[in-house]
Structures are given as structure tokens and as C-alpha cells.
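Worksheet: the structure to be examined is printed underneath.
The values are calculated or read from the model by the stated rules, or taken from the named source; none is laboratory data. These numbers come from a predicted model, not from an experiment. Here the Cβ is made from the backbone with ideal geometry for all residues, glycine too, and neighbour counts use every protein chain on show. Note: accessible area is taken over every heavy atom of the protein model, side chains too, but ligands, DNA and RNA are not part of it. Shrake-Rupley method; radii C 1.70, N 1.55, O 1.52, S 1.80 Å.
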Amino acid sequence: MALGKAIAGVVRSVYIHARLTEERLRSGEAWWPLAPSFVADPYPVYCRLRRS
């Protein structure tokens, strides 16, 4: 059971990083919605995403 949970965690992490990389290549901007800097002030990221 523990091994299955560990593998699921790794797969989830790889998936998230792949999606962030895909977004960065497509729009030129990658962001993490839980990053402290984004939580503190998300509007500069929104502006860059709108422009791209």
C-alpha cells in the first residue's frame, strides 16, 4: 500500500510539472497558484497571461 501511494505521488508530481512546462511553452508564462508571491499579488501574472 505505501509503495502504491508513493508511486501515485511521484506520478502526480510529474504530471503537474509537465503541465507547467506545457503552459510555459505555449504562453511564455508559467505560474503556480499556491506560490506565496502569487497569493500575495496575482495581478501581474494575470496581466502577463492576458497579453500572451
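Once neighbouring chains are kept in place and the probe is 1.4 Å, which whole percent of the accessible area of the chain is contributed by carbon and sulfur? It is 66 percent, rounded to a whole number. When only the Cβ of Lys, Arg, Asp and Glu is charged (+1, +1, -1, -1), the dipole of the range 1-51 relative to its Cα centre reaches about 100 debye.
Between the helical axis of 2-27 and the longest alpha-carbon principal axis of the chain there is an angle of about 20 degrees.
Stokes-Einstein diffusion for the chain at 10 °C, viscosity 1.306 mPa s, with a Kirkwood radius from C-alpha pairs, works out to 126 µm²/s.
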